[in-house]
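Just so it is clear, none of the values below were taken in a lab; they were calculated from the coordinates. Computed from a predicted structure; not experimentally measured. Positions of Cβ are backbone-derived with ideal geometry, glycine not excepted, and every protein chain shown enters the neighbour counts.
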Amino acid sequence: MKSFTKSPITKTGNVPIQAPPVRRRFQLSYEGVLVATKFQRSALKTLARLSLLTLLLAILSAGCGGGNNGPNTQPVIGLWEANLTNVLEFLSTHIAKHGDSAPTLIGNLPAPGFGAPQGVTFDSSGNLWVLDGGNGGTIPPTVDEFTTAQLPLLTKGGLKPNAVIGSTDFGFPQQLVFDSAGNLWVSDAVNNEVFKFTTNQLTGGTDVTPDLILTSNPAFNGSLGIAFDSSGDLWIANNNLTGANSTVFEFTASALAGLSGPQTLTPNAILQSNGTSISEPWALVFDSNGNLWLSNQDDTINTVVQFSKAQLAALTSTATTPTPAVTISATGSGATMSIDSPTGLAINSQGELAVANVNNSLSVFSAKQLTASGSPVPDIFVSGSNTTIDTPEGLAFSGGFAPQ
């Protein structure tokens, strides 16, 4: 959904939710490559012809084209986006540098459909999980799983999820992430809670009680962004629903180990805003170097910031206010604004950072553009009516899937 903000709502939302609202919505991200089918050829065929045919088939099955002047030598990656009422996938081979590219796959549920998809992520088997915030009425909030076999079929529409997890504990869940053991964690910005569902609970159900219901002291304030670092520590961004300073909490893996039922923990570390460094934080994502990236959804800030691994290691349980190591600011204006009330973030193995924007665009910055503060023009900017992007929320990179 477009976004929830402090009460009263100061920005138009597309779906009314009867609760103290939150402004909007990888975490675990990984990549895959489409595997081209190999044809057996007669021994009379020359090796050169076999190589050529195999190469052409690989290009076709990977969906290459869209401006490439030669064979695609990079993995075919999908950039997945939680949209207003569906889920979109854009293949890397089809996204122009500044283009109005149609999505490769569009996922719609059978009637009554999604309520308001907020987050997307992938498990270690490549299955897609979609967090649907619901519509506050006829469509309840759920977590929906689509298997790798289902993903190429999304354009057919009306695809039923392989598993659906519902819970009466959900208020307005917004982001989700898997831990290294395969447990699913969900942030709920209205209830100010974080839920854990064990691997055994991921088969689905209409009223699943989370294995762990986590609250915090000091309390969560719009618990939204959620991510694990390489040590298994959990980081939660507070979207600042009640006007308090925006913060990010860290809970160590050792403190979380073995917990179940309702639990209240004191954060091991608190990262607090230094002036405007953190304002209405929406998404959290770690890069391969252990640096933490955060999107500031505040439309008076319009930034994505990075706190270095060293800065994070220096945090304490007393709120600390370091200046971000890197601040990426917006260029352009209106429909061409590169960072506009940013929500979802995703980083792939090449270090490219994708950002979802309220002006219905996706910006992708190369790793080289992220090494220092500034206002770089995105390496890729996807915007326009053909994209069908509408109030984008969560993002995730994964293996690219072409339609069947």
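Straight-line cross-link reach from LYS97 at under 19 Å between alpha-carbon atoms covers these aspartates and glutamates, not counting any fewer than eight positions away in the same chain: GLU81, GLU89, ASP340, GLU352, ASP379. Here the peptides 107-114, 173-180 are ranked by packing, the mean other Cβ count within 10 Å, and the order with the highest first is 173-180, 107-114. Two numbers describe the Cα atoms of the range 282-342: Rg and Dmax, which are 13.0, 41 Å.
For a straight C-alpha distance cut-off of 18 angstrom, the aspartates and glutamates reachable from LYS196 (same-chain residues fewer than eight places away being disregarded) are ASP123, ASP132, ASP144, GLU145, ASP169, ASP179, ASP188, ASP207, ASP211, ASP229, ASP233, GLU250. The eigenvalues of the Cα gyration tensor, multiplied by 5 and square-rooted, give the range 244-334 an equivalent ellipsoid with semi-axes of 26, 14, 13 Å from largest to smallest.
Of the three principal axes defined by the Cα atoms of the range 146-230, the extents in descending order read 46, 31, 24 Å.
If you take all other residues with their beta carbon under 12 Å from the beta carbon of ALA354, and give Lys and Arg +1 and Asp and Glu -1, the sum is -3. Inverting the pair-averaged 1/r between distinct Cα atoms of the range 76-399 gives 19.5 Å as its Kirkwood hydrodynamic radius. What share of all Cα pairs of the range 180-330, in percent, falls into each consecutive 5 Å distance bin? P(r) for the range 180-330, in whole percents per bin: 2, 9, 20, 23, 20, 14, 7, 4, 1. Each residue of the range 121-133 was assigned a 3J(HN,Hα) from its phi angle through the Karplus curve 6.51 cos²θ - 1.76 cosθ + 1.60 (θ = phi - 60°); the sequence is 7, 10, 8, 5, 8, x, 7, 8, 10, 10, 9, 9, x Hz, with glycine and proline shown as x.
Residues in the range 294-307 carry Karplus couplings, in order, of 9, 9, 9, 7, 4, 6, 8, 10, 6, 9, 10, 10, 10, 10 Hz; the curve used is 6.51 cos²θ - 1.76 cosθ + 1.60 with θ = phi - 60°, and Gly or Pro positions show x. Amide H to amide H distances under 5 Å link ILE380 with VAL364, where only residues 5 or more positions off or on other chains count and H is placed in the peptide plane.
Look at the dipole of the range 76-399 built from charges on Cβ: of PRO161, THR209, ALA283, the Cα furthest out on the positive end belongs to ALA283. With viscosity 1.002 mPa s and temperature 20 °C, the Kirkwood radius over alpha carbon pairs of the range 269-404 converts through Stokes-Einstein to a diffusion coefficient of 140 µm²/s. Spatially, the range 178-195 and the range 357-404 are offset by 25 Å when compared through their Cα centroids. Packing, as the average of other Cβ atoms within 10 Å across residues, places the peptides 316-323, 245-252 in the order 245-252, 316-323, highest first.
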